[in-house]
Every structure is written in structure tokens, then in C-alpha cells.
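One structure below.
The values are calculated or read from the model by the stated rules, or taken from the named source; none is laboratory data. This one's a predicted model, so the numbers in the text were calculated from it and none came from an experiment. Using ideal geometry, Cβ is built from the backbone for each residue, glycine included, and neighbour counts are taken over all protein chains shown.
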Amino acid sequence: MSAGGNSPSFVHQPVMLTECLDLLNLHEGARVIDFTAGGGGHSAAMAQRVAQGGMVVAIDRDEDAIAATSQRLSLLQDPVELKLLKSDFSGARRALLAGGADLTGTLDGALFDLGVSSYQLDGPRGFSFMRDEPLDMRMDRTTGQSAADLLQTASNDELFKILRDFGEERFAAAIARRIVERRRTVKIDRTSQLVDIVMSAVPRAAWPKDKHVATRSFQAIRMAVNNELAQIEAGLDYAIDLLKPGGRLVVISFHSLEDRIVKQRFLAAAGRAPSPPGRSPAAMLPRNDVPVLRIITRKPLEASAEEVAINPRARSARLRAAEKL
């Protein structure tokens, strides 16, 4: 799940749950995979739909999310086969095979709810600019480079490209320069330090009126730390392989870079030339000579006004769906 960095009080609610379930078109006995288990909200709802004889696989790279999903699914009363796996998208195939499950071409549905989970936002990991906490930002804290380490070691040019490409930040150059200047005298390892740097680098008159001035910078650094866009491409390709003919793929994204990748992958898999990626790090995808997907949502669906009123994080949600041919 994704929430950028705002108050975490509402992020535990699954976004566009009804739309997801309807588009997945699940039935009793169906087999489905939730690639972004988070708190288990979508997984639990899918388990209730597939009921007896069905199977739900829940995957997340965050051990806290896996633990929360396990606890939630343990409360289900219907005899559903459950598999919980700790993995990122690119390692999902290996994780399933290691667990003795080769599900290629057998699944009825697959779901992605992209971005940051509530457990990551609520915990002291540096995802939120609303609190002073260690600047980590790793979704999987057992591997990889923290945000603090990235800010300490990346060159000015690398920082500029991260802020420009992943955050679409107008003042990427100024922020990158300020980071390099600041780290000469002190290590930037707290969220409050990064917020202060962004606020000092962006002219006060240019601060957004509808979001915190540090939103784009935090998003960009988080995406770089977790290699998120490349992970999305790997996950989508694997999900398409897993689906059987008639199986459905549903993806919720929360900002333009994620949604662009989903749109391009769907178009390519449907045998239609994807639109130019612009500054997106996603590579131009080759068109499939033989289409493997039928796009169900001509345009992305958005959350209803009623849901947004209850769950503000749904405001930026965009849902796309496709069916395996």
C-alpha cells in the first residue's frame, strides 16, 4: 500500500476493496495471489471469496507485514489453503519454488497494491516526514542500503537524477546540492534533517499548497532505496506468467510513475505499442507479437468520493485490470 508520508491513522483500510474483488472475478475454489500483503486486508477478503477449496498466496518483502497478514488470516474460519512468503517481486518465483509451489499458468487472479504499507509508515523507519526518526526507508530491513547511507554516498549527479526521475521534483538540482553541502559537516541520518534540507533548498513561494514540500523528495529517495520501479516490472511479468487463461490481474498504483509502468506493461502484453516512457526509468517494452492480455479498464478507475471521505489515501489511487488470454 502507498501513502507517501502523511498521517498513518487511515492507512490500514484496503483501498478500493470492492472494485478489486469485483474485477478479480473470484469464485469458490479459485486460486489467487496477493503480491503486496501489507496488513492482510485484501488477502483476507479474497480468502472469503474463494472459500472452501480455494487458495490464497500472500507475499511481502516486509517481515512485519507477513506477521500481520498471518495473524489476520489465522482468524478465518473457512478451510482455505494459505501460503505466506517473504519476498520482493523479483524473488517471488524463487520463493514459490522453494516452498514447493510451481503455480505457473494455474492462478485465477493476482493483485498488486503498490507503494508503502501502513506498517512501514507507522514504524520508525524514516518513511514519514511528519516525525523525527532514523532515515532508513528500507521495506526489507534485512538487506540493502538505507536512505541515510544513500544520501551519504551518492554523487551530486546521482542525487539529482533520483530526485528528478523518481520524485519529478522541480528543484532537484538545488536539493541535491544542499544534501552534498550538508553531509560535509554532518551525516544526514534523521528525517528531520532531510526535511530541513528540502525546505531550505526550495523557495518558500514555490512550496506546494496541497502537500508537504518534502513529499516528492521522500518519495524519490524511498523508491531509489527499494528499487521500486524495476521491482514492479518484474512482478507484473511474473504475475502474467502465473495466470491461467481467463485469470485476472488487478493493480492499484498511487502516483504517475507506477501507473505509467502498469499501463505500458499492459499495452505491451496486449500487443499494442506502449506510449513513450519520457523520463520514467522503465525501459521501452517490446510489443508482444501474440497478445497475452486483454485490457479490461480502458482508463484507470478512481476511488469513489464516499471512499475518499472515509479513507483520504484513496484520493490518489488508480486501478487498472487485465485478463489473461
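So the values come out like this:
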item: Residue identified as out of contact with any helix residue (DSSP H, G or I) (no Cβ under 8 Å at 6 or more places or on another chain) and modelled with pLDDT of 95 or more among GLY99, GLY109, GLY91; result: GLY91
item: Hits in the range 206-237 - residues which are more than 12 Å from the chain's Cα centre (by Cα) and buried (at least 21 other Cβ atoms within 10 Å of the Cβ); result: ALA214, ARG216, SER217, PHE218, ALA220, ILE221, ALA224, VAL225
item: Looking only at the range 284-298, and only at residues there that are within 24 Å of the chain's Cα centre (by Cα) and either at positive phi or exposed (fewer than 11 other Cβ atoms within 10 Å of the Cβ) (or both), the one that is modelled with the highest pLDDT; result: ARG298
item: Given (1) crowded, with 18+ Cβ neighbours inside 10 Å; (2) free of Cβ contacts under 8 Å to residues at least 24 places away in the same chain; (3) on the phi > 0 side of the Ramachandran plot, number of the condition ARG182 does not satisfy; result: (3)
item: Residue among ARG204, ARG170, ARG190, ARG177 that alone is in contact with a strand residue (DSSP E or B) (Cβ under 8 Å, 6 or more places away or on another chain) and in the same structural domain as LEU150 (by TED's automatic domain parsing); result: ARG190
item: Selection status of VAL251, assigned to a helix (DSSP H, G or I) and surrounded by 21 or more Cβ atoms within 10 Å (Cβ to Cβ); result: no
item: Enumeration of residues in the range 130-179 that are of a type in the set (Ser, Thr, Tyr), surrounded by fewer than 16 Cβ atoms within 10 Å (Cβ to Cβ) and not in a helix (DSSP H, G or I); result: THR142, THR143, SER155
item: Check on GLY53, touching a helix residue (DSSP H, G or I) at 6+ places or on another chain (Cβ under 6 Å) and among the small types (Gly, Ala, Ser); result: no
item: Residue count, the range 35-83 (criterion: in a loop (DSSP other than H, G, I, E, B), closer than 18 Å to SER117 by Cα and either among the charged types (D, E, K, R) or free of Cβ contacts under 8 Å to residues at least 24 places away in the same chain (or both)); result: 2
item: Residue within the range 215-230 that is outside any helix (DSSP H, G or I), closer than 25 Å to ALA148 by Cα and either out of contact with any His (no Cβ under 8 Å at 6 or more places or on another chain) or of a type outside the set (Ser, Thr, Tyr) (or both) present; result: yes
item: Residue count for the range 52-100, restricted to those that are exposed (fewer than 15 other Cβ atoms within 10 Å of the Cβ) and closer than 26 Å to PRO245 by Cβ; result: 7
item: Filtered residues of the range 291-311 (kept if in contact with a Phe, Trp or Tyr (Cβ under 6 Å, 6 or more places away or on another chain) and under 18 Å from THR18 (Cβ atoms)); result: ASN311
item: Flag if GLY115 is crowded, with 18+ Cβ neighbours inside 10 Å and assigned to a loop (DSSP other than H, G, I, E, B); result: yes
item: Failed item, numbered, when SER117 is tested on (1) in contact with a strand residue (DSSP E or B) (Cβ under 8 Å, 6 or more places away or on another chain); (2) at pLDDT 90 or above; (3) not aliphatic (A, V, I, L, M); result: (2)
item: Condition met for LEU23 (closer than 26 Å to SER146 by Cβ and at pLDDT 95 or above); result: no
item: From ARG49, ARG31, residue being of a type in the set (Lys, Arg), modelled with pLDDT of 95 or more and closer than 20 Å to ALA322 by Cα; result: ARG31
